[in-house]
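**Student:** Please see the structure below; I have some questions.
The values are calculated or read from the model by the stated rules, or taken from the named source; none is laboratory data. Everything quoted here is computed from the prediction, not taken from an experiment. Neighbour counts run over all protein chains shown; Cβ positions are idealised from the backbone, glycine included.
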Amino acid sequence: MKRMRLIKLDGATNFRDLGGYVGVDNKKVRFGKIYRADSLSALSRDDIKKLNELNIVYDCDLRSYYEQEMAPDKAWKAEFIDCHLYAEGADEQDDRASSTKLTKKIKPMDNYLGQIYQKVLLSTYGQKIFRAIFEKLLALKENQALVFHCSAGKDRTGMTAALILMGLGVSDDDIARDYLITNQLYHFSYQKNQPSDDEMANLVAKMNLTKADSAGIEGITETIRMGWGSFDNFFIQVLGFSQNDLLELRNKFLEEK
């Protein structure tokens with residue numbers, strides 16, 4: 001069966017399935033398990049019906065308190081989880097960068113977005129939120145799915161998607177390509193329409209033939225390699241999971257081609 005990454009909704013432009021990328025041991029990320037999105041505050045009744053049919057049981061909202069209050073997610077059967085990714089208010093009192101010794105090993109990114117992503121990844125608060133999302137991923141049952149989202153589905157969502165895909169062994173180029181699809185989708189949005197299945201397929205095919213601009217997203221991938229050597233070490237040493245958790249994550253979300 002042909003699977004498309006873009007889930008067409010009336011009230012969201014950038015709702016996508018993370019499935020289909022090649023990961024560890026040449027296995028593919030499973031479709032229908034992990035979704036990334038932009039704001040879910042304008043969903044139509046048909047949209048909610050579609051999301052219920054996808055059996056999405058966790059809605060992880062990466063937006064700030066203010067954004068959540070001004071444009072709350074439409075309610076459906078999923079459990080709403082506040083995962084605001086940027087520390088604010090009381091969060092900032094507990095937030096701190098990683099140890100000085102570690103920070104000296106990690107060179108600052110030379111681009112603005114990379115610096116922001118790196119700062120979030122190195123903060124104890126950001127790490128707390130990433131851990132919470134991985135906990136929900138590990139809690140999913142066989143027929144269940146999760147969505148994480150921010151307002152545009154770009155920066156906060158892009159960081160989170162990069163971390164998850166890196167954990168599943170997806171290549172840096174594919175991680176960057178997934179990140180950059182957002183730009184193309186908003187091109188269609190400005191034209192007040194959505195890409196057809198053929199247009200979306202051509203968009204992805206074109207990106208597969210083009211080296212992605214990964215400068216921003218390296219704030220996640222390269223920072224992890226500089227600081228810990230690999231995602232595996234970051235997942236265990238920083239996020240506090242076990243080797244068995246890592247194996248479970250990959251068994252749950254990867255499948256044979």
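**Student:** State yes or no: is residue 19 on the phi < 0 side of the Ramachandran plot, part of a loop (DSSP other than H, G, I, E, B) and touching a strand residue (DSSP E or B) at 6+ places or on another chain (Cβ under 6 Å)?
**Tutor:** Yes: the conditions hold for residue 19.
**Student:** Please work out which one of (1) at pLDDT 95 or above; (2) surrounded by fewer than 17 Cβ atoms within 10 Å (Cβ to Cβ); (3) out of contact with any helix residue (DSSP H, G or I) (no Cβ under 9 Å at 6 or more places or on another chain) is the condition residue 1 fails and give its number.
**Tutor:** (1)
**Student:** Further, regarding this structure: Tell me which of these residue 21 doesn't satisfy, since it passes every other one: (1) touching a residue at least 40 places away in the same chain (Cβ under 8 Å); (2) within 15 Å of the chain's Cα centre (by Cα); (3) crowded, with 20+ Cβ neighbours inside 10 Å.
**Tutor:** That leaves (3) as the condition not met.
**Student:** Of all residues in the range 145-176, count the ones that are of a type in the set (Gly, Ala, Ser), over 8 Å from the mean Cα position of the chain (by Cα), part of a helix (DSSP H, G or I) and modelled with pLDDT of 95 or more.
**Tutor:** 1
**Student:** Restricting to the range 102-129, count the residues that are crowded, with 20+ Cβ neighbours inside 10 Å, of a type in the set (Ser, Thr, Tyr) and touching a helix residue (DSSP H, G or I) at 6+ places or on another chain (Cβ under 6 Å).
**Tutor:** Going through the range 102-129 one residue at a time, the tally reaches 1.
Here's the yes/no breakdown for (1) surrounded by 21 or more Cβ atoms within 10 Å (Cβ to Cβ); (2) more than 14 Å from residue 78 (Cβ to Cβ):
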| site | (1), (2) |
| --- | --- |
| 131 | no, yes |
| 136 | no, no |
| 146 | yes, no |
| 153 | yes, yes |
| 159 | yes, yes |
| 173 | no, yes |
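**Student:** Quick test for you: out of 194, 184, pick the one residue that is at pLDDT below 95 and outside any helix (DSSP H, G or I).
**Tutor:** One residue alone meets the criteria, 194.
**Student:** Which residues, counting only those in the range 47-62, are more than 21 Å from residue 154 (Cα to Cα) and not β-branched (Val, Ile, Thr)?
**Tutor:** 49, 50, 52, 53, 54, 55
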